[in-house]
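All remarks here apply to the structure that follows.
The values are calculated or read from the model by the stated rules, or taken from the named source; none is laboratory data. Computed from a prediction, not measured in an experiment: that's the story for all the values here. Positions of Cβ are backbone-derived with ideal geometry, glycine not excepted, and every protein chain shown enters the neighbour counts. Quick note on the areas: whole protein, heavy atoms, side chains included, nothing else; ligands and nucleic acids left out. Shrake-Rupley method; radii C 1.70, N 1.55, O 1.52, S 1.80 Å.
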Amino acid sequence: MYIVFEGIDGAGKSTQIQLLNEWLENNGLEVETMVEPTDSEVGKLIRRILQRPDATTDRVQKTLGLLFAADRMLIMDKLEDEKKVIISDRSFISSLAYQEPAEWIEVLNKYAKKPDLLILLDLDVKTSVARTSGEDTFENEEFLTNVKANYLEIAKNFNCEIINANNGVNKVSSDIKKAVAPYVGLCKDCIL
Ligand code: TYD
């Protein structure tokens, strides 16, 4: 089972993944979590480039598209363990939402694994900007408004649950558990 969390910066992906992880493990499931960009050399390079003031320009975005695809290729094998629930903080779906053009991003990510379940944490852009540090050049209102719209469009192509991420942490967490429960053979009563 490969579950992917997506959403704009500050949507709460890492907090919610941690809560879901704990809940699944407490219910006896074997879970592995991962994060993109990874901590590989390519991932480190990506994080430096994200802080450049020109990170949203066409030229740098195309470079990032290549690097994200390469970073992802390095962890492909880890996604094949069928005994585990693998939860990923971002995936190639981030590249589709953040980078362009879509046809090219699709080619670069031809071998990327499609999620069994996509959890899209949908957050207001203003809240996102208020929550994030602004350290990454992507963390600005205009850019993220476009990314949010892209996500809602892309979600239609996947088995996706859209979760309102403007609610409090506990409500968001229980909405996620309700969405995930049937995929991992747990009953909704286990959420309480
Ligand atoms: P993020 O989850 O925000 O990491 P952190 O909170 O540790 O800074 O990811 C870093 C940024 O990378 C984020 O703005 C989204 C962007 N990104 C892409 O543009 N394309 C991609 O394919 C991925 C995986 C991330």
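A few remarks follow.
- Scanning the stretch 45-53 for residues that are within 14 Å of the chain's Cα centre (by Cα), within 13 Å of the ligand (Cβ to nearest atom), open to solvent by 20 Å² or more (accessible area, probe 1.4 Å) and at pLDDT 95 or above turns up nothing.
- Residues in the stretch 98-154 that are β-branched (Val, Ile, Thr) and either in a loop (DSSP other than H, G, I, E, B) or open to solvent by less than 40 Å² (accessible area, probe 1.4 Å) (or both): Ile105, Ile119, Val125, Thr132, Thr137, Val147, Ile154.
- Restricted to the stretch 54-74, and to residues there that are in contact (Cβ under 8 Å) with a residue 60 or more places away in the chain and within 13 Å of the ligand (Cβ to nearest atom), the residue that is most open to solvent (accessible area, probe 1.4 Å) is Thr56.
- Residues being within 13 Å of the ligand (Cβ to nearest atom) and not in a helix (DSSP H, G or I) - total across the stretch 1-26: 9
- Within the stretch 27-44, restricting attention to residues that are more than 16 Å from the ligand (Cβ to nearest atom) and assigned to a loop (DSSP other than H, G, I, E, B), the residue that is most open to solvent (accessible area, probe 1.4 Å) is Glu30.
- Here is the figure for the stretch 155-192: residues that are open to solvent by less than 70 Å² (accessible area, probe 1.4 Å), more than 14 Å from the chain's Cα centre (by Cα), touching a residue at least 12 places away in the same chain (Cβ under 8 Å) and farther than 18 Å from Asn21 by Cβ total 1.
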